[in-house]
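Here the structure is laid out as structure tokens; the discussion comes afterwards.
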Amino acid sequence: MKHLLFIIFLFIANTVSAQKATRVLIIGLDGFSTEGFKTAKHPNLDKMIADGVLSLTTRPVMPSVTLPNWTSHMTGSGPEEHGITANDWTLQKHTLTSIETDQDGYYPSIFKVLKDNMSNIKTAYYYNWKELINPINKKYLDEINFEEKDEYSVNYAKAHDFLLKNKKNPTLVFLYSVHTDHAGHGYGWMSPPYIKAIEDADVAIGALLDKLKADDLYKDTHFLLITDHGGINKGHGGVTMNEMQVPWAITGPKIKTKGLITEFNSNKNTALVLAKIFGVKEIPASWTGKIPDSIFK
């Protein structure tokens, strides 16, 4: 009898430990087009994605601009629901009213959903474009850091440290950089400096992944590669396929090893995928995204 109780205790302890170890690192590269993905060399991303799922036909929401799309990633909805239709949106000044808000006036994000349902989850948000965080209620974030002048090395280091410090807790880290988008605006999408910006990001991503492997944090972590839109010439915001087709990739313990998929996917599906990874079923009724059928085991 004692032996049986001991086995049951170990099973429960291991289950709790596994739940606490659930981690997701979101790697966000602004303006990363499917064309750019196909042209640039990114061996570190390739190694990461090889164990999971890659879509090169994911659609941004419209308009194909930055703030509406990153908000859609984090809120499971389109601009028609969350109300962010342009980059100059603020809580105090906007045109379209959100169809649902929390008590502070923000549309519900994945950070709120996780905090409301998981008492021990830790969340972090690292960014280098100052307007990016405007639609997100900061009270649901445990750590926030803004890095100026398109720099991102400090944020990458902070993301590693946060994951390591909270390795016994479920953790969601959003790690974003705008330098790829700014290279497109400055020199043109698909220009050599734009391609170099992607390849520079891959080097930084590789160094971060190596550090996570050294700390024995890699194999139990889900990694999600996302972006907001592509571009054409030196701009975006239109409906060309150059702007409206982007990479989206995910890998981790709960994800199938399928490689390239062609199933329809949208930026507004991301938050629902994140909720499923963490086992959270109570999501806002206003969210309109869906979980792609082909990615989970």
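Please treat every number below as a calculation from the coordinates, not as lab data. In this text the structure is predicted, and so the values were computed from the model without any measurement. Glycine gets a Cβ as well: all are built from the backbone with ideal geometry, and neighbour counts include every protein chain shown.
Here is how the numbers come out for the structure above:
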read-out: Number of the exception - T101 against (1) touching a residue at least 24 places away in the same chain (Cβ under 8 Å); (2) of a type in the set (V, I, T); (3) closer than 19 Å to I283 by Cβ; value: (1)
read-out: Of the criteria (1) under 16 Å from W287 (Cα atoms); (2) among the small types (G, A, S); (3) touching a residue at least 40 places away in the same chain (Cβ under 8 Å), which one A159 fails; value: (1)
read-out: Hits in region 60-84 - residues which are in contact with a helix residue (DSSP H, G or I) (Cβ under 7 Å, 6 or more places away or on another chain) and either of a type in the set (F, W, Y) or outside any helix (DSSP H, G or I) (or both); value: P60, V61, W70, G76, S77, G78, I84
read-out: Subset of region 229-260 that is more than 18 Å from the chain's Cα centre (by Cα) and among the hydroxyl-bearing types (S, T, Y) - its residue that is farthest from M48 (Cα to Cα); value: T240
read-out: Residues being surrounded by fewer than 22 Cβ atoms within 10 Å (Cβ to Cβ) and not β-branched (V, I, T) - total across region 253-271; value: 9
read-out: Selection count where residues are of a type in the set (S, T, Y), touching a strand residue (DSSP E or B) at 6+ places or on another chain (Cβ under 7 Å) and either surrounded by fewer than 20 Cβ atoms within 10 Å (Cβ to Cβ) or part of a helix (DSSP H, G or I) (or both), scope region 116-155; value: 1
